[in-house]
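Enquirer: Sharing a structure with you now.
The values are calculated or read from the model by the stated rules, or taken from the named source; none is laboratory data. The shown structure was predicted, so the numbers you read here are calculated from the model rather than taken from an experiment. Note that we place each Cβ from the backbone using ideal geometry, even for glycine, and neighbour counts take in every protein chain shown. For accessibility, only protein heavy atoms count, side chains too; no ligands or nucleic acids. Shrake-Rupley method; radii C 1.70, N 1.55, O 1.52, S 1.80 Å.
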Amino acid sequence: MNQQKKDTEEEYVFEFYDEDYAQSLEDEAPEVIEEYDEINFEEDLNEEQLKIIDNIKGPMLIIAGAGSGKTRTITYSVAKLLLSGIRPNEIMLVTFTNKAANEMVKRVETLLGKRPKGIWGGTFHSIANRFIRRYAKILGLKTNYIIMDESDARTLMKLSIEKANVKEIQERFPNSRMAKAILSFSINCNKSIRDILLWKYSQFDNEDIIKKLEEVFKIYREKKAQDNLVDFDDLLIYWNQLLDERAVAQLIAKNIKYVFVDEYQDTNYIQDEIINKIVKQNPDHNVMAVGDDAQSIYAFRGANFQNILNFEKRYENCKRYTITYNYRSIPEILNLANNSIAHNEKQFKKSMRSTRPKGFLPYQVNIGDDMDQARFIVNQILKLRTEGNKLEEMAILVRAGSHTLRIELELKAKNIPYEVRAGVAFFERAHIKDILAHLRIIENPYDEVSWSRIFAIIQGIGTSSGSKIFEAISNIEHPIDALINKIFYAEKLKGSRISKEGIKNLISYIKKLIDFSPDDNPSEVILNLVKILEDHLKAKFDNWQERVDDLKQLSVYAQNFSTIRKFLENLSLNLSNLESKTVHSGESTEEENPLILSTVHRAKGLEWRVVFIPMLCEDSFPSSRTIGDRDNFEEERRVFYVAITRAKDQLYLISPSIKYTYRGPQMVKVSQFVSELNPKVFMKSSVKFKSEKIDKKDLFKSAIDLL
């Protein structure tokens with residue numbers, strides 16, 4: 001046996017090739033003695049962490065607050081077990097990213113001076129795959145099954161939709177991406193398709209659509225079985241099924257003695273079931289669930305907040321520990337965070353304590369409108385930079401992507417390099433580009449790039465058909481008029497094999513655009529286009545409402561221009577650099593690491609010295625869609641809590657008093673998340689606006705009176 005093969009076998013000894021082999025591992029246990037470096041736990045850990053690692057036995061729930069060193073707690077717990085004689089392949093460490101699992105194992109290696117080969121470390125899906133490979137036959141799978149990535153799964157779903165023949169309801173039927181999301185949500189939340197549509201995808205709550213969806217999903221499952229394919233959802237389904245096989249479950253439990261699960265507040269129904277089945281097979285129920293209920297913000301992905309709240313009810317004699325020492329934020333920021341989250345009813349009560357010296361109170365800034373807000377943020381960033389703060393140590397955290405438009409424009413105007421982590425930069429978002437494509441063909445009906453985006457929206461017009469249609473209109477006068485004329489297709493596209501259905505849909509669609517002209521008010525045209533595109537957005541995107549919000553925000557910005565032509569000229573001349581995810585600009589000769597502009601959800605787990613949280617006003621943060629729904633409203637407050645706890649040294653809470661909507665300027669009250677705070681936990685100030693668009697003195701005074 002060569003050395004490379006020997007190393008490989010040692011690395012994957014935990015894969016349990018068969019029951020006899022697993023038993024042989026157990027028989028060898030007394031002779032397996034690992035030599036590790038000693039660790040001074042008392043010196044490295046605080047009293048809360050020490051209490052945990054001194055009691056690693058039975059079920060444990062660890063509520064680890066933001067910045068409290070939960071990774072350190074987990075890695076030292078694993079190290080303590082290994083030093084006590086537990087073998088690496090008796091420990092399972094489940095995380096939500098392979099990067100996190102690898103990082104934890106590396107830290108254990110650093111502590112012990114030797115890599116503990118064989119730990120079951122990885123995501124739910126990666127660990128599931130290891131089990132399924134071994135026991136594929138029990139599940140009716142071939143051992144050489146292929147795992148589809150999300151792109152492959154959507155392609156197969158698209159084929160399934162085509163096979164189910166949904167032509168009669170195609171315009172209202174979810175596309176492959178949406179159909180896959182609906183199926184995943186159903187599996188991970190343990191709810192029927194009908195229930196999922198009622199709960200999350202009400203635009204598809206129609207009996208004809210439901211029946212066709214069920215048919216599509218049946219075809220999709222049959223096709224996977226036929227082609228020996230599995231998707232990511234299947235990995236969890238099959239692992240869960242394996243644990244119902246008594247012999248397999250007992251074998252797994254016999255060899256896995258300790259289970260650690262990180263970020264337990266983010267687990268969904270099926271993940272919680274899997275952990276429970278593994279742990280219940282072991283008489284000692286050795287499981288450590290680590291998480292923070294106050295940072296549970298992913299219900300829209302299927303995370304079940306109740307999993308962590310009900311964890312203690314699952315296991316008799318479960319011990320709960322709370323880690324409250326925060327190593328990230330100054331006391332003043334933590335006081336505000338504690339004061340905010342205390343308003344939630346459903347939670348494990350705790351109060352985070354800072355290990356750092358006192359600093360500045362967070363600033364709560366009342367300001368005129370979103371333009372003034374953008375100017376204030378950018379001017380403050382410039383001031384902080386001149387004082388020696390690096391841009392990369394500052395972040396602007398928004399609740400929704402639609403909140404970035406004014407801020408991006410101002411950052412661009414002041415040549416501040418920034419990186420967008422709210423998906424993509426505002427003007428690069430697909431739905432924004434789609435709307436702009438419509439405006440551009442109104443201005444210039446010979447714009448092939450814009451036509452290609454519009455053709456892609458229309459059912460029955462593919463890339464090839466679109467190219468032929470554009471070629472036919474590229475040399476004629478009044479191309480938009482031609483596209484609604486049936487004679488045009490008969491004469492110019494005869495023999496082109498474009499489907500009759502596609503031509504019918506194209507004519508119907510272009511008729512909706514025929515009356516627009518380059519001299520029209522761009523804001524009004526955008527709002528009309530939103531109505532035209534709404535069904536398309538509903539069928540294509542699960543966050544279609546957020547995308548509509550983006551488009552309405554674009555219409556608000558377009559109010560600054562009298563015609564479509566002037567609006568497009570402004571974009572072409574001034575915004576070309578916004579069409580990249582990372583924007584570097586400025587006078588510095590050396591490239592500067594950029595400022596971060598991110599949604600709060602994308603920022604979880606990260607930290608910056610300075611954090612700005614804008615749009616803390618009614619109907620923006622919290623979102624208007626959570627009003628009247630206690631559970632969603634409390635999750636919205638947890639989103640606010642996560643945003644606050646990203647800040648290490650300085651925090652700015654910014655509340656515009658005027659919002660521009662497509663209906664015009666509106667006075668808005670300060671966010672409830674701000675008004676409910678104890679005034680002692682922040683420093684309140686008002687900043688005078690400098691907007692020149694309209695005289696808002698009286699309006700602003702009235703808005704201040706509402707605060």
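Enquirer: For a quick check of your reading of the model, give me the residue pairs whose first member lies in segment 476-503 and is at negative phi and without any contact (Cβ under 8 Å) to a residue 24 or more places away in the chain, whose second is among the small types (Gly, Ala, Ser) and assigned to a helix (DSSP H, G or I), with beta-carbon atoms closer than 6 Å and at least 6 apart or on different chains.
Expert: Filtered contacts from segment 476-503: Ile476/Ala482; Phe488/Ala482; Lys492/Ala472.
Enquirer: Output the number of residues of segment 406-446 satisfying the condition of being at pLDDT 85 or above and assigned to a helix (DSSP H, G or I).
Expert: Count: 21.
Enquirer: Anything in segment 41-60 that is surrounded by fewer than 17 Cβ atoms within 10 Å (Cβ to Cβ), out of contact with any strand residue (DSSP E or B) (no Cβ under 8 Å at 6 or more places or on another chain) and under 20 Å from Phe311 (Cα atoms)? List them, or say none.
Expert: Lys57
Enquirer: Can you find a residue that is among the charged types (D, E, K, R) and over 24 Å from the mean Cα position of the chain (by Cα) anywhere in segment 327-342?
Expert: Taking every residue of segment 327-342 in turn, at least one turns out to be among the charged types (D, E, K, R) and over 24 Å from the mean Cα position of the chain (by Cα).
Enquirer: Could I ask something else about it? The conditions are (1) modelled with pLDDT under 85; (2) more than 26 Å from Glu168 (Cα to Cα); (3) outside any helix (DSSP H, G or I); (4) not small (Gly, Ala, Ser), and Phe516 fails exactly one of them. Which is it?
Expert: (1)
Enquirer: A further question follows. Looking at Tyr201, Tyr220, Tyr298 in this structure, which one is touching a residue at least 60 places away in the same chain (Cβ under 8 Å) and open to solvent by 10 Å² or more (accessible area, probe 1.4 Å)?
Expert: After applying the criteria, what remains is Tyr298.
Enquirer: All but one of (1) farther than 30 Å from Ile210 by Cα; (2) modelled with pLDDT under 85; (3) open to solvent by less than 20 Å² (accessible area, probe 1.4 Å) hold for Pro522; state the number of the condition that does not hold.
Expert: Just one mismatch for Pro522, condition (2).
Conditions tested, residue by residue: (1) modelled with pLDDT under 90; (2) under 18 Å from Ile333 (Cβ atoms); (3) crowded, with 23+ Cβ neighbours inside 10 Å; (4) of a type outside the set (Val, Ile, Thr).
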site	(1), (2), (3), (4)
Gly605	yes, yes, no, yes
Ile613	no, yes, yes, no
Glu618	yes, no, no, yes
Thr626	yes, no, no, no
Glu634	no, no, no, yes
Phe640	no, yes, yes, yes
Ala647	no, yes, yes, yes
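Enquirer: Taking Lys349 as the residue in question, decide whether it is in contact with an Asp or Glu (Cβ under 8 Å, 6 or more places away or on another chain), open to solvent by 60 Å² or more (accessible area, probe 1.4 Å), of a type outside the set (A, V, I, L, M) and without any contact (Cβ under 8 Å) to a residue 60 or more places away in the chain.
Expert: no
Enquirer: Shifting gears a bit: Do you know which residues across segment 413-437 are open to solvent by 40 Å² or more (accessible area, probe 1.4 Å) and closer than 18 Å to Asn379 by Cβ?
Expert: Those that are open to solvent by 40 Å² or more (accessible area, probe 1.4 Å) and closer than 18 Å to Asn379 by Cβ: Ala413, Lys414, Asn415.
Enquirer: Let me ask something else about it. Tally the residues that are of a type outside the set (Lys, Arg), under 16 Å from Val681 (Cα atoms) and either open to solvent by 10 Å² or more (accessible area, probe 1.4 Å) or part of a helix (DSSP H, G or I) (or both), restricting the search to segment 358-377.
Expert: Looking only at that region, the number is 4.
Enquirer: For Glu491, only one of the following conditions fails: (1) of a type in the set (D, E, K, R); (2) within 34 Å of the chain's Cα centre (by Cα); (3) loosely packed, with under 14 Cβ neighbours inside 10 Å. What is its number?
Expert: Every listed condition holds for Glu491 apart from (2).
Enquirer: On to the next question. Run His403 past the list (1) modelled with pLDDT of 85 or more; (2) open to solvent by less than 20 Å² (accessible area, probe 1.4 Å) and report the number of the one that doesn't hold.
Expert: With respect to (1) modelled with pLDDT of 85 or more; (2) open to solvent by less than 20 Å² (accessible area, probe 1.4 Å), His403 is out only on (2).
Enquirer: Mind listing whichever residues of segment 314-363 are β-branched (Val, Ile, Thr) and more than 30 Å from Asn286 (Cα to Cα)?
Expert: Within segment 314-363, Ile330, Ile333, Ile341, Thr355 qualify.
Enquirer: Return the pairs, sorted by first residue and then second, in which the second residue is of a type in the set (Asp, Glu) and open to solvent by 10 Å² or more (accessible area, probe 1.4 Å), the first residue lies in segment 46-67 and is under 21 Å from Arg353 (Cα atoms) and in contact (Cβ under 8 Å) with a residue 24 or more places away in the chain, the beta carbons are less than 8 Å apart, and the residues are 6+ apart or on different chains.
Expert: Final answer for the pair search is Leu61/Glu312; Gly67/Glu607.
Enquirer: If I ask for residues that are aliphatic (A, V, I, L, M) and without any contact (Cβ under 8 Å) to a residue 60 or more places away in the chain, which ones from segment 538-567 would you list?
Expert: Val548, Ala558
Enquirer: If you take the residues of segment 494-506 that are modelled with pLDDT of 80 or more and open to solvent by 100 Å² or more (accessible area, probe 1.4 Å), which of them is farthest from the chain's Cα centre (by Cα)?
Expert: Lys500
Enquirer: Oh, and also: If you go through segment 448-465 one residue at a time, do you hit one that is aliphatic (A, V, I, L, M), out of contact with any helix residue (DSSP H, G or I) (no Cβ under 7 Å at 6 or more places or on another chain) and more than 30 Å from Asn560 (Cβ to Cβ)?
Expert: no
Enquirer: Separate question: Need the failing condition index for Leu197 against (1) at pLDDT below 90; (2) over 26 Å from the mean Cα position of the chain (by Cα), just the number.
Expert: Of everything listed in (1) at pLDDT below 90; (2) over 26 Å from the mean Cα position of the chain (by Cα), Leu197 misses just condition (2).
Enquirer: Let me ask something else. Please indicate, with yes or no, whether at least one residue in segment 329-345 is within 25 Å of Lys57 (Cα to Cα) and assigned to a loop (DSSP other than H, G, I, E, B).
Expert: no
Enquirer: Same structure again: Test Gln666 against the criterion of being surrounded by fewer than 23 Cβ atoms within 10 Å (Cβ to Cβ) and either among the small types (Gly, Ala, Ser) or without any contact (Cβ under 8 Å) to a residue 40 or more places away in the chain (or both), and give yes or no.
Expert: Considered against the rule, which asks whether it is surrounded by fewer than 23 Cβ atoms within 10 Å (Cβ to Cβ) and either among the small types (Gly, Ala, Ser) or without any contact (Cβ under 8 Å) to a residue 40 or more places away in the chain (or both), Gln666 comes out as yes.
Enquirer: Would it be correct to say that Ile196 is farther than 26 Å from Gly302 by Cα and open to solvent by less than 80 Å² (accessible area, probe 1.4 Å)?
Expert: In short, no.
Enquirer: Would you kindly identify the helices (runs of 4 or more DSSP H) lying entirely within segment 86-187 that contain at least 2 residues that are of a type in the set (S, T, N, Q), closer than 23 Å to Tyr76 by Cα and open to solvent by 70 Å² or more (accessible area, probe 1.4 Å)?
Expert: 98-112
Enquirer: Identify, from the list Ile252, Ile308, Ile237, the residue that is in contact (Cβ under 8 Å) with a residue 24 or more places away in the chain, under 30 Å from Gly85 (Cβ atoms) and surrounded by 17 or more Cβ atoms within 10 Å (Cβ to Cβ).
Expert: That would be Ile252, the only listed residue that is in contact (Cβ under 8 Å) with a residue 24 or more places away in the chain, under 30 Å from Gly85 (Cβ atoms) and surrounded by 17 or more Cβ atoms within 10 Å (Cβ to Cβ).
Enquirer: When you go through Glu491, Glu477 one by one, which is the residue that is part of a loop (DSSP other than H, G, I, E, B) and either more than 22 Å from Glu171 (Cβ to Cβ) or at pLDDT 85 or above (or both)?
Expert: Glu477
Enquirer: Turning to a different aspect of this structure: What number of residues within segment 380-400 are in a helix (DSSP H, G or I), touching a residue at least 12 places away in the same chain (Cβ under 8 Å) and open to solvent by 20 Å² or more (accessible area, probe 1.4 Å)?
Expert: Residues flagged as in a helix (DSSP H, G or I), touching a residue at least 12 places away in the same chain (Cβ under 8 Å) and open to solvent by 20 Å² or more (accessible area, probe 1.4 Å) within segment 380-400 amount to 4.
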